[in-house]
Amino acid sequence: MRRILAVMSMLLTLAACAGQDGAEAPLQDLGEFRLGHNIVVASKMQKVPISREATQEEWVASLTNAFAERIGRYEGSQLYHLGVSVEGYALAPPGVPLVATPKSALVILVTVWDDAAGKKLNETPEQLVIFEDFGEGAVVGSGIVNTREEQLQNLSVNAAARLERFLKEMHEEKGWFARRPDNPVTAPEDQATEDQPTEVTALPSLDQTPEVIAIPSE
């Protein structure tokens with residue numbers, strides 16, 4: 001975790017990354033992907049010392065909503081579950097000299113589960129680093145032009161876009177979400193009643209991280 005915070009501190013002084021597309025962006029090719037459980041935890045998160053504060057509950061709610069809005073758009077015929085852990089964040093403070101140009105950033109770990117197989121697609125969680133796009137290049141820090149709430153929302157939206165890109169890359173490179181041989185061609189509306197997520201009587205608590213979340217299988 002110290003390494004994550006050190007890297008984030010260094011990255012905050014760099015130019016802002018290019019803005020991510022919003023939730024209205026065109027759908028990508030994710031094969032037969034359809035989102036099942038969307039679980040976000042933040043019990044282990046840390047922040048860069050100069051960062052504004054954001055609670056675990058705020059991050060969980062904001063990211064869960066952003067993932068549901070963006071990743072939940074896909075209507076494939078096979079279910080996959082997301083486990084996301086917030087590891088570190090920085091919400092750039094107001095009033096910092098412009099020469100510092102602090103940027104807001106977020107670090108998350110992502111684990112993807114195959115519902116039918118009842119196992120992880122990636123045994124090692126994927127680390128994603130996300131920046132806020134505030135439209136001012138490297139001249140003005142996001143803490144000066146955006147409120148704390150706007151920073152958190154922007155990072156959540158960009159995290160959903162970055163996660164979508166990661167899923168697309170894995171589909172292209174490793175064949176994730178390809179149609180299974182035993183999966184007949186079925187319309188998404190028919191799958192709604194035939195292929196529901198495995199029933200879960202209790203969702204994991206916020207003390208659990210994605211790598212230990214157990215998604216029951218049939």
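Values in this text are rule-based calculations from the coordinates and carry no lab data. These numbers were taken from a predicted model, which means no experiment stands behind them. Note that we place each Cβ from the backbone using ideal geometry, even for glycine, and neighbour counts take in every protein chain shown.
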Original post:
Which of the peptides 117-126, 26-35, 146-155 is most tightly packed, and how do the rest follow, judged by the mean count of other Cβ atoms within 10 Å per residue?
Top reply: 146-155, 26-35, 117-126
Subject >> Neighbourhood charge, 13 Å Cβ-Cβ cut-off, centred on residue 91 and excluding it, Lys, Arg +1 and Asp, Glu -1 >> reply: -1
Original post:
What are the residues whose amide H is under 5 Å from the amide H of residue 121, where those residues sit 5 or more places off or on another chain and H is modelled from the backbone?
Top reply: 112, 113, 114
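Taking the number of other C-beta atoms within 10 Å as the exposure measure, put 57, 69 in order starting with the fewest.
On the way: 57 10, 69 15.
Ordered by Cβ neighbours within 10 Å, fewest first: 57, 69.
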Subject >> All lysines inside 29 Å of residue 103 as judged from Cα atoms, apart from same-chain residues fewer than 8 positions distant >> reply: 44, 47, 168
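Quick one: order 52, 70, 165 by neighbouring beta-carbon count within 10 Å, fewest to most.
Numbers: 52 19, 70 24, 165 14.
Lowest count first: 165, 52, 70.
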